[in-house]
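Each reported figure results from applying straightforward, stated rules to the coordinates on display, with no laboratory input. Since this is a predicted model, take the numbers as computed values, not measurements. We place every Cβ from the backbone using ideal geometry, glycine too, and count neighbours over all the protein chains shown.
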Amino acid sequence: MEDFQEIYNQYFTDVYKYVLSLCREPQLAEEITQETFFKALKNLDSFRGQCRLYVWLCQIAKNTYFSHQEKVSKDVDTEPDGSSSVEDALLRKETAFEIHQILHHL
């Protein structure tokens, strides 16, 4: 466990900066980074040393971030009863297309 504390101390800031570059939200980056190190601790025995430890941690961080984004996306696209609102999806697409057209004309 002491070794993991050293890993945490050595790599936390770098992994945090990497996650922050993905999400641009300091609080979310902090949460994802904490979850990354939790997952790394649980799976430390699966690290085979085929890459640098920092690369392995960043891979965990990236996967954790994308999983988080996927969950958030599903929560946004789903009605409280679990169904997806087709009307809302179409409105979002139409609005996005209108914005695209306006920006294109600028």
With viscosity set to 1.002 mPa s at 20 °C, what whole-number translational diffusion coefficient in µm²/s follows for the stretch 38-77 from Stokes-Einstein and a Kirkwood radius over Cα pairs? 189
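Would you please name the trypsin sites (Lys or Arg not before Pro) within the stretch 1-78 that are DSSP coil residues with at most 12 other C-beta atoms within 10 Å of their C-beta?
On the way: sites: LYS17, ARG24, LYS39, LYS42, ARG48, ARG52, LYS62, LYS71, LYS74; in loops: ARG24, ARG48, ARG52.
Here the sparse-neighbourhood loop sites are ARG24, ARG48, ARG52.
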Rough spin-label spacing in nm, given labels placed 7 Å along Cα→Cβ, for GLN34 and PHE47: 2.1
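R0 = 30 Å: FRET efficiency of GLU98 with SER73, Cβ-based, nearest 0.05? Can you show the working numbers first?
On the way: r = 21 Å, r/R0 = 0.71.
Efficiency computed from Cβ-Cβ geometry: 0.90.
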